[in-house]
Amino acid sequence: MAHMSLCLCATTGVPLGIGHLETYTRTGATWQKRKAARTTRRDKESRESERWLRGVSATRTPKLSARAIHVMDAEADFFELMRHMADESTRFIIRAGQIDRLVYDEGDARHLREVVADLVPIVHRDVALSERKQNFKTSGANGRRKHPHRSARVARVSIASTRITLGRTRYTKSGGADFEINVVRVWEQSPPAGEPAVEWVLLTSEPVAQKTDLERVVDLYRKRWTIEDYFKALKTGCSLERRQVESYDALCKVLAILAPIACQLLWLRSMDRLHSGAPASAVFTETELALLHQAPAARGLPKPKTVRDAVALLARLGGHIKNNGAPGWLTLGRGYEKLLLLRMGWQMALDSIRKCDQS
């Protein structure tokens, strides 16, 4: 398993790089024993969830004026992490996973589900939802229940917020006092027939007083899905899981090589979507553009001038046929791997010429 922190521009969502990466394993009787003992108190055990704390610590930027906003899924919904970030004045948006937990609402102990159910919508907006398919071979019954199949559509959602006090639970390992936190509920009041209603309950340090604040929190949370595209670029585009390595150490080395390459692929696709008319030199060097243009796959085509032209040539290098629609991760990955090989060969040829001239 790998835990990664992907850095994005908060405004455009363009990938900036990998801020943190660590690997861990889930194997053998030890993991099964820990999994079975989840309902017991684990004060003396090393918890797998502590990797979230290490990821937050690793991505601090004390020398920069920019401050990261950590956007996390429901797995990060635990007291120690949020208490730690609150103590360090670290900004975050976390999707609540423990909706039935007890919280304090104006001094009264209530379930979080009850608190958000009483909220009155403050703002409405349209949110584009992608299609979600289920793989019955790999997803269990619990996963299918939490993430049912849905069709791609534009959902009209309501947004509301409140402020609660979050306290320690019986699973809390470390100390720490109760603290206040903002809650934003995003839900679909009238979903289409046969489609599951959308609902997100977000725990955040970000301001929520104004309508624009609420919309901003929702937009920032939606950028979290970019990391799913990154995993597709890593697994499909770079074929991480198809590499024939036989040891944990070797797999980690392969991951260290492919992780930045996958980020580069994601960056190229983001630039193609957001800045397609920009000069091609914004995403490729002059040498890379020359190699793309002179490759057999680009025979008869003009030299790329824009980002869109250059990415199209890269996809063509990977075997993409224009009539098949937009290139997928597998095609882009193949094209980029061939470009790297061409660049390596070009550099070796230059080095050889220099050595001959010196001799």
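The values are calculated or read from the model by the stated rules, or taken from the named source; none is laboratory data. Quick caveat: nothing in here was measured; it's all calculated off a predicted structure. Don't worry about glycine lacking a Cβ; one is built from the backbone with ideal geometry, like all the others, and counts go over all protein chains shown. The area values use the complete protein model at the heavy-atom level, side chains included, leaving out ligands, DNA and RNA. Shrake-Rupley method; radii C 1.70, N 1.55, O 1.52, S 1.80 Å.
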Notebook entry, point to check: How large is the helix-only mean residue ellipticity at 222 nm for the chain, computed as the sum of -39500 (n - 2.57) over DSSP H runs with n ≥ 4, divided by its residue count, in deg cm²/dmol to the nearest 500?
Noted result: -11500 deg cm²/dmol
Next item on the list: Normalising by the residue count of the chain, find the relative contact order in percent from Cα pairs under 8 Å and 6+ residues apart.
Entry: 12 percent
Item checked: Förster-model FRET efficiency, 22 Å R0, Leu341 and Cys7, C-beta, rounded to 0.05 -> 0.20
Check: Using a 1.4 angstrom probe and counting only protein chains, how large is the accessible area of Glu88 in Å², to 10?
Finding: 90 Å²
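Extension gain Thr287-Ser130, at 0.36 nm per residue separation less the Cα-Cα distance, in nm?
Values: separation 157, 0.36 × 157 = 56.52 nm, distance 3.73 nm.
Once the chain is fully extended between Thr287 and Ser130, it gains 52.8 nm.
Can you order the peptides 337-346, 228-237, 66-75 by their average number of other Cβ atoms within 10 Å per residue, highest first?
Details: 337-346: 14.6, 228-237: 20.0, 66-75: 16.5.
By packing density, highest mean first, the sequence is 228-237, 66-75, 337-346.
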Margin query: Taking only Cα atoms of the range 301-346, what ratio of Rg to Rh do you get with Rh as the Kirkwood inverse-distance radius?
Written below: 0.98
Next item on the list: Tell me which residues come under 5 Å, amide H to amide H, from Leu8 once H is placed; ignore anything under 5 positions away on its chain.
Entry: Leu16
Next item on the list: Scan around His20 for amide H atoms under 5 Å from its own, H built in the peptide plane at 1.01 Å from N, and keep only partners 5 or more places away or cross-chain.
Entry: Ser5
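Provide the gained length on full extension for the span Arg156 to Arg299, in nm with one decimal, where the gain is 0.36 nm per separating residue minus the Cα-Cα distance.
Numbers: separation 143, 0.36 × 143 = 51.48 nm, distance 4.75 nm.
Gain on stretching Arg156 to Arg299: 46.7 nm.
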Next item on the list: For Arg163 paired with Met348, estimate the spin-label separation in nm (one decimal), with each label point 7 Å from Cα along the Cα-to-Cβ line.
Entry: 6.4 nm
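Hey, which of these cross-link pairs are over 30 Å Cα-Cα: Lys235/Lys355; Lys133/Lys253; Lys133/Lys338; Lys253/Lys305; Lys253/Lys322; Lys253/Lys338?
Lys235/Lys355; Lys133/Lys253; Lys133/Lys338; Lys253/Lys305; Lys253/Lys322
Ala315: net charge of surrounding residues, Cβ under 13 Å, Lys/Arg +1, Asp/Glu -1, itself excluded? Could you put the intermediate results ahead of the total?
Details: positive: Arg269, Arg308, Arg316, Lys322, Arg334, Lys338; negative: Asp272, Asp309, Glu337.
Local net charge: +3.
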Item checked: Vicinal HN-Hα couplings computed from phi for the range 68-75 (Karplus, 6.51 cos²θ - 1.76 cosθ + 1.60; Hz; Gly/Pro x) -> 6, 10, 7, 10, 9, 8, 5, 5
Check: Which whole-Hz couplings ³J(HN,Hα) result when phi for each residue of the range 8-22 is put into the Karplus expression 6.51 cos²θ - 1.76 cosθ + 1.60, θ = phi - 60°, listed in order with x for Gly and Pro?
Finding: 10, 6, 5, 8, 9, x, 5, x, 10, x, 9, x, 7, 8, 9
Next item on the list: Give me the number: length gained by fully extending Asp73 to Ala197, i.e. 0.36 nm times residue separation minus the C-alpha to C-alpha distance, one decimal in nm.
Entry: 42.8 nm
Next item on the list: Extending each Cα 7 Å along its Cβ direction at Ile321 and Val14, get the distance between those two points in nm, one decimal.
Entry: 3.4 nm
